[in-house]
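Peer 1: Okay, handing you the structure first.
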Amino acid sequence: MNGIGVINKTGCPAVAGAFHTLVVQPTSFCNLDCTYCYLPDRRSRRLMSTAVAQACVESIAQQNSSHPVSVVWHGGEPTATPLDVFRDLLTPFEELRRSGKVRHEIQTNATLINRRWCELFAAYGFDIGVSIDGPGRLNRNRLDRAGNPTDTRTLRGIQTLADAGLPYSVICVVTPETIDCADALVEFFAGLPGCQSVGFNIEEQEGAGRAPVSEEAAYRFWRRLVQRRADGSPLRIRDLDRLADHLAAARAGHVDYAPYEPIPTVSWDGQVVLLSPELLGIRDPRYGDFIAGNVLDEPISAMLARAGDLAYVAEFVTALNDCADHCDFYAFCRGAQAGNRYFEHHTFTARETTYCRTSRQALVRAAADHLTLQGGTS
């Protein structure tokens, strides 16, 4: 089978040998300085070349897959790229986009969005994701380089998107300071013009005197979101939707055990890391720089073909096998994210992470307890 490793329970490849998501970094620079940011090179103004973009296109085309590839423009802050440079990077993808083989996505802090950016997003059919953690003080960790709040600037960018008729989704990082603010967050995001859905990423950062969100606090958070939905809240929440889809598929006997996405991430200069965008730019005494290759030298398919030789990929496959064999939550969770394993444990072999407990297990328990209570009182 075309893949890396085998999951014991299913006989399927643990990590796919082809990709459906390609993360690209048009610039390593970010105009913000969020307290929880992991990017080591966010002060550098280096830009991707059209040669790297063309090499990405060739890697996509070489797969000859019927499944479209989501090209996710990430960063840094992708809109910190000069707009004309960004347009040049999009040009090589146009033939594939027009034929339905590529779709563009962008994740942005929205502080730099103006009418011209909106025109570009509309022209190239972008799916837009905005990063904001809530109103006012709830957005306290998203600061600029002078330590100033950024929520007003992000909201101005959001309004610009709405005025242009461009829908968007939101990613909100929930921190120990905001984990008990579920009601305020729901009301805020439900009131944003043009917001289609919100995904809540519970911060699991450890060290530097900062404790992660506890499993109990995460349970309370998810339980409140489940209750708000049951009470008729119109806000679409990515995490609840994913769980609902999984439960519906399980009831129909259609649980999908597709291999884990390799998630190749291409840096501004063409270097490629696998499994987690968070590994880009990181160096480790044991794993080195996590680089699988460079798209200027070879296609991503060639990197995936030998990915099992990389120590961190081999360890991650072992951990996925372990999860599949021993974890009751595996069918939904599908294994903790590679980046979480590394940043929490400095290894990829750890089976359980804070991410598992707060973002998957606590969510499942909250939904199950709600359903049990409803069943018991009906």
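The values are calculated or read from the model by the stated rules, or taken from the named source; none is laboratory data. Because the structure is a prediction, the values reported are computed rather than measured. A quick note on method: Cβ atoms are made from the backbone with ideal geometry, for glycine too, and the neighbour counts reach across all protein chains shown.
Peer 1: How many residues does the stretch 72-103 hold that are in a helix (DSSP H, G or I) and free of Cβ contacts under 8 Å to residues at least 60 places away in the same chain?
Peer 2: 17
Peer 1: Now a separate question. Can you tell me how many residues in the stretch 14-71 are of a type in the set (A, V, I, L, M, F, W, C), assigned to a loop (DSSP other than H, G, I, E, B), touching a residue at least 40 places away in the same chain (Cβ under 8 Å) and within 17 Å of Ser131 (Cβ to Cβ)?
Peer 2: 4
Peer 1: Moving on to the next point. Identify, please: which residue in the stretch 100-140 is farther than 23 Å from Pro277 by Cα, hydrophobic (A, V, I, L, M, F, W, C) and in contact with a Phe, Trp or Tyr (Cβ under 8 Å, 6 or more places away or on another chain) and is, among those, surrounded by the most Cβ atoms within 10 Å (Cβ to Cβ)?
Peer 2: The qualifying residue surrounded by the most Cβ atoms within 10 Å (Cβ to Cβ) is Leu138.
Peer 1: Specify which of the listed residues (Ala311, Ala350, Ala367) is touching a residue at least 60 places away in the same chain (Cβ under 8 Å) and not β-branched (Val, Ile, Thr).
Peer 2: Exactly one of Ala311, Ala350, Ala367 is touching a residue at least 60 places away in the same chain (Cβ under 8 Å) and not β-branched (Val, Ile, Thr), namely Ala367.
Peer 1: Okay, next question. Any idea which of (1) within 30 Å of Ala51 (Cβ to Cβ); (2) part of a loop (DSSP other than H, G, I, E, B); (3) at pLDDT 95 or above is the one Leu235 doesn't satisfy?
Peer 2: (1)
Peer 1: When you go through Thr178, Thr150, Thr154, Thr108 one by one, which is the residue that is closer than 22 Å to Arg87 by Cα, of a type outside the set (A, V, I, L, M, F, W, C) and in contact (Cβ under 8 Å) with a residue 40 or more places away in the chain?
Peer 2: Going through Thr178, Thr150, Thr154, Thr108 in turn, the sole match is Thr108.
Peer 1: Which of the following residues is in contact with a helix residue (DSSP H, G or I) (Cβ under 8 Å, 6 or more places away or on another chain), aliphatic (A, V, I, L, M) and closer than 18 Å to Pro135 by Cβ: Val198, Val213, Val173?
Peer 2: From the options Val198, Val213, Val173, the qualifying one is Val198.
Peer 1: Same structure again: Criterion first (farther than 30 Å from Ala307 by Cα, at pLDDT below 95 and among the small types (Gly, Ala, Ser)) does Ala249 satisfy it?
Peer 2: Here the answer is yes, as Ala249 does meet what is asked.
Peer 1: Let me spell it out: the conditions are (1) over 12 Å from Phe19 (Cβ atoms); (2) part of a loop (DSSP other than H, G, I, E, B); (3) within 18 Å of the chain's Cα centre (by Cα); (4) not polar (S, T, N, Q), and Arg286 meets all of them except one. Which number is the exception?
Peer 2: Among (1) over 12 Å from Phe19 (Cβ atoms); (2) part of a loop (DSSP other than H, G, I, E, B); (3) within 18 Å of the chain's Cα centre (by Cα); (4) not polar (S, T, N, Q), the lone unmet condition for Arg286 is (3).
Peer 1: Taking into account only those residues within the stretch 329-378 that are aliphatic (A, V, I, L, M) and over 21 Å from Arg224 (Cβ atoms), which is modelled with the lowest pLDDT?
Peer 2: Top of the filtered list is Ala336.
Peer 1: Select from the stretch 214-230 the residues that are out of contact with any strand residue (DSSP E or B) (no Cβ under 8 Å at 6 or more places or on another chain) and hydrophobic (A, V, I, L, M, F, W, C) and list them in ascending order.
Peer 2: Within the stretch 214-230, Ala217, Trp222, Val226, Ala230 meet the criteria.
Peer 1: What tally of residues in the stretch 26-43 results from selecting those that are at pLDDT below 90 and of a type in the set (Val, Ile, Thr)?
Peer 2: Matching residues across the stretch 26-43 total 1.
Peer 1: Also: What about Ala162, is it surrounded by fewer than 20 Cβ atoms within 10 Å (Cβ to Cβ) and either closer than 17 Å to Ile202 by Cα or at pLDDT 95 or above (or both)?
Peer 2: Taking the combined requirement at face value, the residue satisfies it.
So that you can scan it fast, the table gives a plain yes or no per residue for (1) without any contact (Cβ under 8 Å) to a residue 40 or more places away in the chain; (2) among the aromatic types (Phe, Trp, Tyr); (3) assigned to a loop (DSSP other than H, G, I, E, B):
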{"residue": "Pro212", "(1), (2), (3)": "no, no, yes"}
{"residue": "Trp222", "(1), (2), (3)": "no, yes, no"}
{"residue": "Val255", "(1), (2), (3)": "no, no, yes"}
{"residue": "Trp268", "(1), (2), (3)": "no, yes, yes"}
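Peer 1: Next up: Identify all residues within the stretch 334-368 that are in a helix (DSSP H, G or I), under 13 Å from Leu243 (Cβ atoms) and not polar (S, T, N, Q); write none if there are none.
Peer 2: Once the filter is applied, which keeps residues that are in a helix (DSSP H, G or I), under 13 Å from Leu243 (Cβ atoms) and not polar (S, T, N, Q), the stretch 334-368 yields Arg360, Ala362, Leu363, Val364, Arg365, Ala366, Ala367, Ala368.
Peer 1: Looking at the stretch 104-134 only, could you name the residues that are part of a loop (DSSP other than H, G, I, E, B) and either farther than 18 Å from Glu203 by Cβ or of a type in the set (Val, Ile, Thr) (or both)?
Peer 2: Ala110, Thr111, Leu112, Ile113, Asn114, Tyr124, Gly125, Phe126, Ile132
Peer 1: Scan the stretch 151-172 residue by residue and report those that are part of a strand (DSSP E or B) and out of contact with any Cys (no Cβ under 8 Å at 6 or more places or on another chain).
Peer 2: Answer for the stretch 151-172, where residues must be part of a strand (DSSP E or B) and out of contact with any Cys (no Cβ under 8 Å at 6 or more places or on another chain): Ile171, Cys172.
Peer 1: Across the stretch 292-332, which residue is surrounded by the most Cβ atoms within 10 Å (Cβ to Cβ) among those that are part of a loop (DSSP other than H, G, I, E, B) and not charged (D, E, K, R)?
Peer 2: Filtering the stretch 292-332 for residues that are part of a loop (DSSP other than H, G, I, E, B) and not charged (D, E, K, R), the one surrounded by the most Cβ atoms within 10 Å (Cβ to Cβ) comes out as Val295.
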